[in-house]
């Protein structure tokens, strides 16, 4: 092929040409959205329209959306709130949350959630990582045990304060039953957050169905610009500013508005909502073609993630007897961009914590590749990958010290 093949859309997406046009146009509308003059009001009006569009993508009211710099900031804001005065700012909050110390997150969360949970542990919180099954779905029996242990023992410090479970995993694509998990958390008196960065714009995300207190998502995963994201918070849910200063976002997130990026994010959200069903059907067809081709052409492989409850664009494959970095570099030389896992963990020599949590051994985890498709992926590109990858695996296996089964 004459052009490179990009199959790393879960890491980031190219900015849609229509979104680019909006972004470039708004660079000329440089007034501060907080200014009271006409130019400032013009930008503020465009921001309000963008907020409505971003809210519509997940079916919430615009005033429940807080703009941030992205998923990591949004997630950090929620976790830091759990150790803030906001938790006891009213009598009702004090009665509900005082004394609760348990924080539950799934074992396959994005690093920004994992590290935020670990930070709360240093402040004395009782942090637990909920195990998952071989497909990456939360172990519901253990989840229930952790949720209701405090109630059964009469210990308030073991009662849950926050549960955080991602809607769809960035590495293996597994989709969780968030509405059920959220309902169980609320039964135990806990707040519930879902990181929907990989879900929003790819599968239907409806907060009225999910029943969550917090939901986070990002612009650059839906063909918008980098550096902008959103945090949904339910009416009455505690929220404490991570960044303090001015009055922006009702005092919950200080800093001059990044208006061009926010307005472009709104356009990306509008486009994503309009083409959601058709996009999902096309991505699923491409994913299945790639999966079936690998099964037919490469012996002894493992498809990771849930066989059905999985993002339509994501395929994670383990190739026993071949090292992931060597596969990636060999594919890179053939003009194919893929990932060995989360882009946020690139350069880390440790095996994927996601795959290890599903029971994949370290050596097999090291031989795993994530293929994530997107807007510009074609059948011809998939067929090119299926032509180039089998001989790469055969070559790497031929001088591997890891025994694999033919």
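Listed conditions (1) within 28 Å of the chain's Cα centre (by Cα); (2) touching a residue at least 12 places away in the same chain (Cβ under 8 Å) are all met by residue 61, apart from (2). Would you confirm whether or not the stretch 242-252 contains a residue that is in the same structural domain as residue 156 (by TED's automatic domain parsing), under 22 Å from residue 7 (Cα atoms) and in a loop (DSSP other than H, G, I, E, B)? Taking every residue of the stretch 242-252 in turn, none turns out to be in the same structural domain as residue 156 (by TED's automatic domain parsing), under 22 Å from residue 7 (Cα atoms) and in a loop (DSSP other than H, G, I, E, B).
Here is a check on your reading of the model: is residue 163 in a loop (DSSP other than H, G, I, E, B) and either surrounded by fewer than 23 Cβ atoms within 10 Å (Cβ to Cβ) or in contact with a helix residue (DSSP H, G or I) (Cβ under 7 Å, 6 or more places away or on another chain) (or both)? Please lay out each step first, then the result.
Values: in a loop (DSSP other than H, G, I, E, B): no; either surrounded by fewer than 23 Cβ atoms within 10 Å (Cβ to Cβ) or in contact with a helix residue (DSSP H, G or I) (Cβ under 7 Å, 6 or more places away or on another chain) (or both): yes.
No: the conditions fail for residue 163.
Go through the residues of the stretch 82-99 one by one and say whether even a single one is in a loop (DSSP other than H, G, I, E, B) and in contact with a strand residue (DSSP E or B) (Cβ under 7 Å, 6 or more places away or on another chain). There is at least one residue in the stretch 82-99 that is in a loop (DSSP other than H, G, I, E, B) and in contact with a strand residue (DSSP E or B) (Cβ under 7 Å, 6 or more places away or on another chain).
Per-residue answers, yes or no, for (1) surrounded by fewer than 21 Cβ atoms within 10 Å (Cβ to Cβ); (2) modelled with pLDDT under 95:
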site: 352; (1), (2): no, yes
site: 363; (1), (2): yes, yes
site: 373; (1), (2): no, no
site: 380; (1), (2): yes, no
site: 383; (1), (2): yes, no
site: 387; (1), (2): yes, no
site: 396; (1), (2): yes, no
site: 404; (1), (2): yes, yes
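Against the conditions (1) assigned to a helix (DSSP H, G or I); (2) more than 17 Å from residue 172 (Cα to Cα); (3) touching a residue at least 12 places away in the same chain (Cβ under 8 Å), residue 332 satisfies every one except (3). From the list 136, 150, the one residue that fits, being in contact with a strand residue (DSSP E or B) (Cβ under 8 Å, 6 or more places away or on another chain) and in a loop (DSSP other than H, G, I, E, B), is 136.
Name the single residue that is farthest from the chain's Cα centre (by Cα) among those in the stretch 9-28 being surrounded by 13 or more Cβ atoms within 10 Å (Cβ to Cβ) and in a loop (DSSP other than H, G, I, E, B). Across the stretch 9-28, the extreme among qualifying residues is 16.
Residue 276 falls short of the stated requirement of being at pLDDT 95 or above and under 21 Å from residue 4 (Cα atoms).
Can you tell me which of 31, 83 is assigned by TED's automatic domain parsing to the domain that holds residue 209, more than 20 Å from the chain's Cα centre (by Cα), surrounded by fewer than 18 Cβ atoms within 10 Å (Cβ to Cβ) and closer than 22 Å to residue 111 by Cα? Don't jump to the end; show me each part of the working.
Working: 31 fails: closer than 22 Å to residue 111 by Cα.
Result: 83 is the single residue among 31, 83 that is assigned by TED's automatic domain parsing to the domain that holds residue 209, more than 20 Å from the chain's Cα centre (by Cα), surrounded by fewer than 18 Cβ atoms within 10 Å (Cβ to Cβ) and closer than 22 Å to residue 111 by Cα.
When each of 196, 183, 269, 234 is tested for being in the same structural domain as residue 22 (by TED's automatic domain parsing), at pLDDT 95 or above and closer than 17 Å to residue 82 by Cβ, the lone residue that passes is 234.
Among the residues of the stretch 375-388, is there at least one that is within 23 Å of the chain's Cα centre (by Cα) and closer than 30 Å to residue 115 by Cα?
Going residue by residue through the stretch 375-388, those that are within 23 Å of the chain's Cα centre (by Cα) are 375-377.
Imposing the further condition that a residue be closer than 30 Å to residue 115 by Cα reduces the set to none.
So far as the stretch 375-388 goes, no, none of its residues is within 23 Å of the chain's Cα centre (by Cα) and closer than 30 Å to residue 115 by Cα.
On inspection, residue 296 qualifies as part of a helix (DSSP H, G or I) and either free of Cβ contacts under 8 Å to residues at least 60 places away in the same chain or over 30 Å from residue 30 (Cβ atoms) (or both). The listed residues are 335, 280, and the only one of them that is over 30 Å from residue 133 (Cα atoms), in contact with a strand residue (DSSP E or B) (Cβ under 8 Å, 6 or more places away or on another chain) and surrounded by fewer than 21 Cβ atoms within 10 Å (Cβ to Cβ) turns out to be 335.
Among the residues of the stretch 179-199, are any touching a helix residue (DSSP H, G or I) at 6+ places or on another chain (Cβ under 7 Å), assigned to a loop (DSSP other than H, G, I, E, B) and closer than 24 Å to residue 340 by Cα? Taking every residue of the stretch 179-199 in turn, at least one turns out to be touching a helix residue (DSSP H, G or I) at 6+ places or on another chain (Cβ under 7 Å), assigned to a loop (DSSP other than H, G, I, E, B) and closer than 24 Å to residue 340 by Cα.
The values are calculated or read from the model by the stated rules, or taken from the named source; none is laboratory data. These numbers come from a predicted model, not from an experiment. When we count neighbours, we look across all protein chains shown, and the Cβ atoms used for this are built from the backbone with ideal geometry, even at glycine.
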